[in-house]
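These notes concern the structure reproduced below.
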Amino acid sequence: MTKDKLIEHYFSKTLSAEAQREFDHLLATDLKFKQSFKFQEDLKTVIKKEEQTQIKQELRSFETSNKTFSKKYLKWFVAACVIVLLSLPFWQFGQPKLDNEALFAANFEPYENVVHPIVRGETSSSLRTKAFISYEAKDYGQALNYFDALLIESDNATISFYKANVLLQLNRYKEAIEIFEDNTELSQKLKSQQQWYLALAYIRSNNTTKATVLLNTVIESGNYKKRAAEQLLKQLD
Amino acid sequence: MVDEVLVEALKKRNSDALKSVYLGHKAAFIGFAKKYPIDEATIIDIYQDAIIALHDNAVNGKLDNLKSELKTYLFSIGKYMIYKKLKQQKIMYSVEGNTALENLKSDTDFSVNLIEELSEDQQKLQTAFKSLGDKCKAILTLFYYRGFTIEEITNDLNYSNKDVAKSQKSRCIKSLKNLIFNT
């Protein structure tokens, strides 16, 4: 392979192991090769810097001139949604399970905020407060952002429980199921609540078997939604 | 899935995608960063740098098989940058020391490679690069920054064949060298 070709493959990350050895050897022994390579490596750094500077300017311009964001963002959001819809398994459309969907809709309502009381007019603006203000204001998209940010700070079973509620509200029940299923550290006070919501999520995803088991557990514990669970169980049969 | 669409668009230098990622997570990031002792202007500056690093990694194909959400990844970079900033201001030394920063970096497996200062040689090269025509800038950027092969460049820039693209690239390098050595 020619020296130029070797350098070319280096930059497109397509050097074979053997060529890599040849490359390393030349770099150590051939001054001209080394100079030529260094020139191109410097060029790469310069171009990268150019790109980074341009992007920084672009980002700054979003800060100053951003009032027309929503329209463009909407375009992306819609495009993204279409793709998500297309990627869902076909059977969900092929066999409409309207009944389960309706059952879910009739019974689901995001769990009320019982963990972080919001005092109206309060000036405190902790992330947690903002999260629950958005949650209570039914601004679920924003609430999700805040819950995510809180969860990045530290794992918290209660916050996870509310996040999953938001996901259910946003129809992202599969993600909600994953969270509920893993959320084993939740305090005893909210256990039945979580089982109830997980049952609803299972119903929404047409997993009636799992839903039935959970609804029975909710009924047995008897401290939350016992009657609703009994009724729902009858409707599932 | 949504993230994959965005990553692909970022790679293609799509401005709308950049904007959507940037504005989409900005509020949450500011909320998240506020627990650290930094003012909002600095937070925004850090957030922009985090977006740049994210963009860079997308271009380099490091996000092709992203295991976490794009947002989580972005916040990890941002968090790392905040720690770094605090360390520079010596705020973190007493609290968490160096290990926190190192752990964060190894935990998240991302690289943040923002070019800050250029060497003297690189500065000359930069001046020369800036005075090149758009055609040269385009081909060199695809080759060196985005790591395209000559075949990919031929397709992307609609050259009639590989040899044309290749000799165009050589001419651009030659102009660059001329510009440097004649100034």
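Of note:
- Rounded to the nearest 10 Å², the accessible area of A:PHE104 at probe 1.4 Å: 20 Å²
- In terms of distances greater than 30 angstrom between alpha carbons, the cross-link table entries B:LYS12/B:LYS79; A:LYS38/B:LYS19; A:LYS5/B:LYS19; A:LYS34/B:LYS85; A:LYS34/B:LYS71 yield A:LYS38/B:LYS19; A:LYS5/B:LYS19; A:LYS34/B:LYS85; A:LYS34/B:LYS71.
- Protein-only accessible surface order, largest first, of B:ILE77, A:ILE83, A:ILE118 at 1.4 Å: A:ILE83, A:ILE118, B:ILE77
- A Förster radius of 41 Å combined with the Cβ-Cβ distance from A:SER61 to A:GLU136 puts the calculated FRET efficiency at roughly 0.70.
- For chain A: accessible area per residue (Å², 1.4 Å): 58 Å²
- Residue-wise HN-Hα couplings along the range B:161-174, as the Karplus relation 6.51 cos²θ - 1.76 cosθ + 1.60 with θ = phi - 60° gives them from phi, are 7, 4, 5, 4, 4, 5, 6, 4, 4, 4, 4, 5, 5, 5 Hz; Gly and Pro carry x.
- Most fluctuating residue given options B:ILE173, B:ILE51, B:ILE115, as computed from a GNM of chain B linking Cα atoms under 10 Å: B:ILE115
- Contact order normalised by residue count of the range A:92-236, Cα under 8 Å, 6+ apart, percent: 20 percent
- Difference of contour (0.36 nm per residue) and Cα-Cα distance, A:GLU101 to A:GLU175: 25.0 nm
- Where trypsin sites (Lys or Arg not before Pro) fall in DSSP loop in the range A:1-44, at most 14 other Cβ within 10 Å: A:LYS13
- If you run the Gaussian network model on chain A, springs between alpha carbon atoms under 10 Å, then out of A:LEU144, A:LEU186, A:LEU27 the most flexible one is A:LEU27.
- Candidates A:ILE133, A:ILE47, A:ILE203, ranked by Gaussian network fluctuation over chain A, Cα under 10 Å, top entry: A:ILE47
- Accessible area that becomes buried as A packs against B, both chains, 1.4 Å probe, Å², nearest 100: 5300 Å²
- Charge dipole of the protein assembly as shown about the Cα centre (unit charges at C-beta), most positive-ward option of B:GLY61, A:TYR111, A:LEU214: B:GLY61
- For trypsin sites (Lys or Arg not before Pro), the sites in the range B:44-82 that DSSP calls loop and that have at most 11 other Cβ atoms within 10 Å are B:LYS67.
The values are calculated or read from the model by the stated rules, or taken from the named source; none is laboratory data. Quantities reported herein were computed from a predicted structural model and do not represent experimental measurements. Here Cβ is always computed from backbone atoms with ideal geometry, including for glycine, and neighbour counts include all displayed protein chains. For accessibility, only protein heavy atoms count, side chains too; no ligands or nucleic acids. Shrake-Rupley method; radii C 1.70, N 1.55, O 1.52, S 1.80 Å.
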